[in-house]
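Only one structure is covered here, and it is reproduced in the block below.
No value in this document is a laboratory result; all are computed from the given coordinates. These numbers come from a predicted model, not from an experiment. We place every Cβ from the backbone using ideal geometry, glycine too, and count neighbours over all the protein chains shown.
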Amino acid sequence: MITDAQVEAYHRDGFVVVENIMTSEELSAMRQIIAELVAGAAAVETHTAVYDLEPGHTAAQPKVRRIKAPNKVHKIFDELVRSPAVIGILRRLLGADLRLHGSKLNMKAAQYGSPVEWHQDWAFYPHTNDDLLAIGVMLDDMELVNGPLLVTPGSHRGRVFNHHGDDGRFAGMIDPAEIGREIEQAVALTGRAGSMSFHHVRALHGSALNTSDRGRNLLLYEVAAADAWPLLGVADFDEFNNRLLTGKPTVEPRLAPVPVRLPLPPAARQGSIYENQTSATRTYFKKAAA
């Protein structure tokens, strides 16, 4: 599913897009499950362990911007990340021993889907080494108008930017004034539904408001080499090892000389990245009208 040239591009640029990994039947089945989940949000009034809601959400008009940990919500999401096609690509990029760090389904409804400000995933969950990446499963066609991922080539080899706000607390985003040149160099990860992007944990990225007249769903998985251990600790050792996708677990973390900034003190508003970023006083992307 992935060529030597694509592997080289990932290591050089910090990202790669691999086309046509999912079949039309797989896409259809997953979209049906997502529609049922969104309809179920009519029963909730605020964020839950499953739903992260858009401003303006009501029971009559459910607005969901994220399904949290979808691999725990329905087996279809867990099966995809463990499929031979996906595991085959991950082994080429990260090695034989792999662990699922987490998952989320970011949903951008037509005309108002929330943007995500510029950040590096590494700022949220630094590890003992940086052999980690995020898979972006394109469940809809990704085009410039519907808010695709924007990633700066080569930024995964640079510094870790400050993701703290003026109050000194973690804010989950970078002051856009600090990264003007990097933003200018960013490229859009576009592609047809069923394709997947793979971006390095330290790659600088963000995504704009969905200004199109159709929705844009992006299923994200975070995957780590099994010998990469979270610097903030392991709360449940059995659960940690149960997330192994392939290979063998280890109690010998691999230490690498990588730059680190800890996400402490924690954000004033805990929850998803959307909540973390509400404390920002300086933002880059336009937001939908309330």
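Quick notes
- Where a label projected 7 Å from the Cα of Glu19 along Cα→Cβ would reach, residues of region 106-142 with amide N under 11 Å: none
- Entry note, region 180-261: relative contact order of 25 percent, from Cα contacts under 8 Å with a spacing of 6+ residues.
- Taking 0.36 nm per residue of sequence separation and removing the Cα-Cα distance, the Glu178/Ser83 pair yields an extension gain of 30.2 nm.
- By the Cα gyration tensor, region 184-239 has an equivalent ellipsoid whose semi-axes, rounded to whole angstrom, run 30, 15, 12 from largest to smallest.
- Net charge of the neighbourhood of Val50, taken over other residues with C-beta under 13 Å away and scored Lys/Arg +1, Asp/Glu -1, is +3.
- For the listed peptides 17-27, 136-146, a ranking on the average number of other beta carbons within 10 Å per residue, highest first, reads 136-146, 17-27.
- For the chain, the Cβ-based charge dipole about the Cα centre amounts to some 220 debye (Lys, Arg positive; Asp, Glu negative; other atoms uncharged).
- Hits among lysines - C-alpha to C-alpha of Lys286 under 25 Å, sequence gap 8 or more where chains match: Lys63, Lys68, Lys104, Lys108
- Nearest-0.05 FRET efficiency for Gln111 and Ala39, computed from C-beta distance (R0 22 Å): 0.65
- Around the amide H of Ser114, modelled in the peptide plane, lie the amide H atoms of Ala109, all under 5 Å away and 5 or more residues distant in sequence or on another chain.
- Region 1-143 - Rg and Dmax from Cα coordinates, angstrom: 16.6, 50
- Using a simple spin-label model with pseudo-atoms 7 Å out from Cα toward Cβ, Arg31 and Leu264 lie 4.6 nm apart.
- Taken over the alpha carbons of the chain as equal point scatterers, the Debye sum produces base-10 log I(q)/I(0) values at 0.09, 0.10, 0.11, 0.16 Å⁻¹ of -0.40, -0.50, -0.62, -1.47.
- ³J(HN,Hα), Karplus 6.51/-1.76/1.60, whole Hz, each residue of region 131-138, x for Gly, Pro: 7, 9, 8, 10, 9, x, 8, 7
- Average Cα contact separation per residue, the chain, under 8 Å, 6 or more apart, as relative contact order %: 28 percent
- Region 96-232 shape via C-alpha gyration tensor axes, a/c threshold 1.5: oblate
- Counting 0.36 nm for each residue step from His11 to Asp236 and taking away their Cα separation leaves a gain of 77.8 nm.
- Reducing region 176-205 and region 66-108 to their Cα centroids gives an inter-centroid distance of 20 Å.
- What the phi angles of region 223-234 give under the Karplus curve with 6.51, -1.76 and 1.60, with θ = phi - 60°, is a coupling list of 10, 10, 4, 4, 8, 8, 10, x, 5, 7, x, 10 Hz, glycine and proline written as x.
- Per-peptide packing, taken as the mean over residues of other Cβ atoms within 10 Å, places 273-284, 119-130 in the sequence 119-130, 273-284 from highest down.
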